1. So residue 120 passes all but one of these: (1) in contact with a strand residue (DSSP E or B) (Cβ under 6 Å, 6 or more places away or on another chain); (2) outside any helix (DSSP H, G or I); (3) farther than 21 Å from residue 87 by Cβ. Which condition number does it fail?
2. I'd like the residue in the range 22-45 that is small (Gly, Ala, Ser) and either in contact with a strand residue (DSSP E or B) (Cβ under 6 Å, 6 or more places away or on another chain) or modelled with pLDDT of 90 or more (or both) and, out of all such residues, is farthest from residue 72 (Cα to Cα).
3. Write out, first by first residue and then by second, each pair whose Cβ atoms fall under 9 Å of each other, whose residues are 6+ apart or on separate chains, and whose first residue, in the range 149-164, is surrounded by fewer than 17 Cβ atoms within 10 Å (Cβ to Cβ) while the second is among the acidic types (Asp, Glu) and in a helix (DSSP H, G or I).
4. Can you tell me which residues in the range 78-117 are small (Gly, Ala, Ser), part of a strand (DSSP E or B) and within 27 Å of the chain's Cα centre (by Cα)?
5. In the range 94-102, is there at least one residue being touching a helix residue (DSSP H, G or I) at 6+ places or on another chain (Cβ under 8 Å), more than 25 Å from residue 140 (Cα to Cα), modelled with pLDDT under 95 and not basic (Lys, Arg)?
6. Return the total of residues in the range 46-83 being surrounded by 12 or more Cβ atoms within 10 Å (Cβ to Cβ) and modelled with pLDDT under 90.
7. Kindly provide the set of residues from the range 95-119 that are surrounded by 14 or more Cβ atoms within 10 Å (Cβ to Cβ) and closer than 28 Å to residue 72 by Cβ, ordered by number.
8. Take the range 120-139 and flag every residue that is more than 22 Å from the chain's Cα centre (by Cα), of a type in the set (A, V, I, L, M, F, W, C) and surrounded by 15 or more Cβ atoms within 10 Å (Cβ to Cβ).
Amino acid sequence: MLPRRTLLLALAAALGGCGFRPMYGGVGGADDPDIRERLAAIEVRGLDGRLGQILRNELLDQLNPVGAQVSARYLLPVQLRRFAAALGIQLDNTVTRYNLILVARFQLRERGTQRVVYQSIARREASYNVSQQPFADLTAEQNAERRAAREVSNDIRTQLAVHFAREADVT
C-alpha cells in the first residue's frame with residue numbers, strides 16, 4: 001500500500017510542476033471569467049449561405065452561450081469550404097456513403113487595428129448514407145452538415161480559448 005501512495009504523491013507533484021492546467025474549470029481554463037468575456041467579445045463575419053449560417057449560429061452559441069451584452073473587441077472572419085467524397089462504392093459504381101468534409105479557415109483580428117492576433121484552420125468530417133431516395137438523401141446530407149458545423153465551431157472555440165489562456169500566461 002505504501003508504494004501506491006508514494007507513486008500517487010509523486011505523480012501529483014510532477015503534474016503540478018509541469019504547468020498542467022485543465023482546459024475547463026479553474027483559473028486560466030475556458031471557464032475563467034476573463035477568457036469567457038474575451039470569447040464573448042468576438043464578432044463573427046464572412047459566413048454566407050445556409051451552411052454558413054448554421055456554422056455562424058453554432059459559433060455564436062459556443063463563444064457567448066449566455067448571450068452577454070459585450071462590445072466587440074475582436075473580429076473573426078471565417079472562410080468555409082465544403083467537400084463531399086464518395087466513401088462506399090458498390091461494384092456497379094453506385095455510391096452508398098459519402099464523407100462530407102468541412103474546412104474553416106479563420107483569423108482573429110483586433111477590431112480597431114485589424115491586426116491578426118491568431119489564425120488557424122478547423123477541419124471535420126461527417127459521413128452519411130445514400131439510399132437512392134431523394135428526400136432521405138437530402139435529410140442525411142443536411143444532418144451531416146449540421147454535425148460537421150457543430151464540431152468545427154467547437155474546435156474554433158477551443159483554439160481561441162487556448163490562445164487567450166496562453167496570452168494570459170505571457171502577461
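The values are calculated or read from the model by the stated rules, or taken from the named source; none is laboratory data. Remember, predicted model here, so these are calculated numbers, not experimental data. Glycine also receives a Cβ, built like all others from the backbone with ideal geometry; neighbour counts cover every protein chain displayed.
1. For residue 120, the failing item is (1).
2. Per the stated criteria, the residue is 40.
3. Hits for this filter: 154/58.
4. Residues of the range 78-117 that are small (Gly, Ala, Ser), as a first pass: 84-86, 88, 104, 112.
In the following step, the residues that additionally are part of a strand (DSSP E or B) were identified as 84-86, 88, 104.
The answer is 84, 85, 86, 104.
5. No, the range 94-102 contains no residue that is touching a helix residue (DSSP H, G or I) at 6+ places or on another chain (Cβ under 8 Å), more than 25 Å from residue 140 (Cα to Cα), modelled with pLDDT under 95 and not basic (Lys, Arg).
6. Within the range 46-83, residues that are surrounded by 12 or more Cβ atoms within 10 Å (Cβ to Cβ) and modelled with pLDDT under 90 number 6.
7. Within the range 95-119, 102, 103, 104, 105, 106, 107, 108, 109, 111, 117, 118 meet the criteria.
8. 130
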